[in-house]
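Notes for the one structure printed next.
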């Protein structure tokens, strides 16, 4: 196995099965507290798996989750993982104003700090929704003292996505580190494969082969997952055929693929990559 130039990054976006974006069929925020919650059980499964393989990860916790389940956030932190922010209300950044975005960040920070005593240094936008029309969000993150952002998705996607932007971790003009998710260069553009529905969709042997190709080229792997991605028994929403496919495809296979990746590669939290990136840039 080729060793990466620095530790590959693994991250979990901690949200529940009903926190879907860009669909009118998703439950409204006013009803979230009335719905069955499965996030604690699924996150604990991931914590057990990471403990088995001695892996530390970054958990981008939704502020609403921290508010409703503070003990879960404390469990994650007590296990040695990084607590980062996924915002509070799971809203797309490009649908917010700057002031609304600041308020959302502040709410999430308050609940995360209350839950585990840690102020987040990393942020990931719901739906990777920092794109050209919401790049101002990086300025707000820098103002609030964040060390890095992980919201850049350098490929096409239903919401979010910034095709043509840098595909590798890099430093922004304001000093913030940007750590995009892993993508492959293809003749038609960049292709995601190492997270969420992409991880559930692609065959395991292809994922491992593509991941090996990137590490052989000296590129770090940046993997992301939601607790619902490993839960084939979650309630199903009445979605369009296309959205139903992308939301629920491969739920039975994600766990096996994740475990194979943990076995084959070296992983760590995103905050660990920042000083290593700084050394490489010096």
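The values are calculated or read from the model by the stated rules, or taken from the named source; none is laboratory data. If you're wondering where the values come from, they're calculated on a predicted model, not measured in any experiment. Glycine also receives a Cβ, built like all others from the backbone with ideal geometry; neighbour counts cover every protein chain displayed.
For region 86-118, give me each residue that is touching a strand residue (DSSP E or B) at 6+ places or on another chain (Cβ under 8 Å), farther than 20 Å from residue 131 by Cβ and not in a helix (DSSP H, G or I).
Hit for region 86-118 is 118, nothing else.
I'd like to verify a number: residues in region 235-265 that are in contact with a helix residue (DSSP H, G or I) (Cβ under 9 Å, 6 or more places away or on another chain), in contact (Cβ under 8 Å) with a residue 60 or more places away in the chain and assigned to a loop (DSSP other than H, G, I, E, B), how many?
Summing the residues that are in contact with a helix residue (DSSP H, G or I) (Cβ under 9 Å, 6 or more places away or on another chain), in contact (Cβ under 8 Å) with a residue 60 or more places away in the chain and assigned to a loop (DSSP other than H, G, I, E, B) in region 235-265 gives 4.
Can you find, within region 60-71, the residue that is farthest from residue 146 (Cα to Cα) among those that are crowded, with 24+ Cβ neighbours inside 10 Å and touching a helix residue (DSSP H, G or I) at 6+ places or on another chain (Cβ under 8 Å)?
Initially, region 60-71 is screened for residues crowded, with 24+ Cβ neighbours inside 10 Å, giving 60-63, 65-66.
When the remaining residues are screened for being touching a helix residue (DSSP H, G or I) at 6+ places or on another chain (Cβ under 8 Å), the result is 61-63, 65-66.
On the way: 61: 15, 62: 16, 63: 16, 65: 20, 66: 19 Å.
Across region 60-71, the extreme among qualifying residues is 65.
Among the helices (runs of 4 or more DSSP H) contained in region 123-220, which hold 3 or more residues that are within 24 Å of residue 258 (Cα to Cα)?
In region 123-220, the matching helices (runs of 4 or more DSSP H) lie at 196-201, 204-216.
If you check residue 263 against the conditions, is it closer than 19 Å to residue 55 by Cα and surrounded by fewer than 12 Cβ atoms within 10 Å (Cβ to Cβ)?
On the way: closer than 19 Å to residue 55 by Cα: yes; surrounded by fewer than 12 Cβ atoms within 10 Å (Cβ to Cβ): yes.
The answer is yes for residue 263.
Based on this model, can you work out whether residue 14 counts as under 17 Å from residue 109 (Cβ atoms) and buried (at least 17 other Cβ atoms within 10 Å of the Cβ)?
Values: under 17 Å from residue 109 (Cβ atoms): yes; buried (at least 17 other Cβ atoms within 10 Å of the Cβ): yes.
Considered against the rule, which asks whether it is under 17 Å from residue 109 (Cβ atoms) and buried (at least 17 other Cβ atoms within 10 Å of the Cβ), residue 14 comes out as yes.
Please determine, by comparing only the residues of region 226-247 that are surrounded by 17 or more Cβ atoms within 10 Å (Cβ to Cβ) and at pLDDT 95 or above, which one is farthest from the chain's Cα centre (by Cα).
Here the residue is 234.
Restricting the first residue to region 6-29 and requiring it to be at positive phi, which pairs with a second residue that is surrounded by fewer than 23 Cβ atoms within 10 Å (Cβ to Cβ) and in a loop (DSSP other than H, G, I, E, B) meet a Cβ separation below 7 Å and a spacing of at least six or different chains?
22/158; 22/159
Quick grid of which residues meet (1) crowded, with 20+ Cβ neighbours inside 10 Å; (2) closer than 28 Å to residue 231 by Cβ; (3) over 18 Å from the mean Cα position of the chain (by Cα); (4) modelled with pLDDT of 95 or more:
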position: 118; (1), (2), (3), (4): no, yes, yes, no
position: 141; (1), (2), (3), (4): yes, no, no, yes
position: 168; (1), (2), (3), (4): no, no, no, no
position: 194; (1), (2), (3), (4): yes, yes, no, yes
position: 208; (1), (2), (3), (4): no, yes, yes, yes
position: 213; (1), (2), (3), (4): no, no, yes, yes
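Residues in region 64-72: is at least one within 26 Å of residue 268 (Cα to Cα) and in contact with a strand residue (DSSP E or B) (Cβ under 6 Å, 6 or more places away or on another chain)?
yes
Output the residues belonging to region 143-158 that are buried (at least 17 other Cβ atoms within 10 Å of the Cβ) and in contact with a helix residue (DSSP H, G or I) (Cβ under 9 Å, 6 or more places away or on another chain).
Within region 143-158, the subset buried (at least 17 other Cβ atoms within 10 Å of the Cβ) is 146-155, 157.
Within region 143-158, 146, 147, 148, 149, 150, 151, 152, 153, 157 meet the criteria.
Answer yes if at least one residue in region 172-179 is surrounded by 17 or more Cβ atoms within 10 Å (Cβ to Cβ), more than 15 Å from the chain's Cα centre (by Cα) and on the phi > 0 side of the Ramachandran plot, and no otherwise.
no
If you scan region 1-13, which residues turn out to be modelled with pLDDT of 90 or more and either more than 22 Å from residue 72 (Cα to Cα) or in a loop (DSSP other than H, G, I, E, B) (or both)?
We begin by selecting, within region 1-13, every residue modelled with pLDDT of 90 or more; these are 8-13.
Correct list: 8 only.
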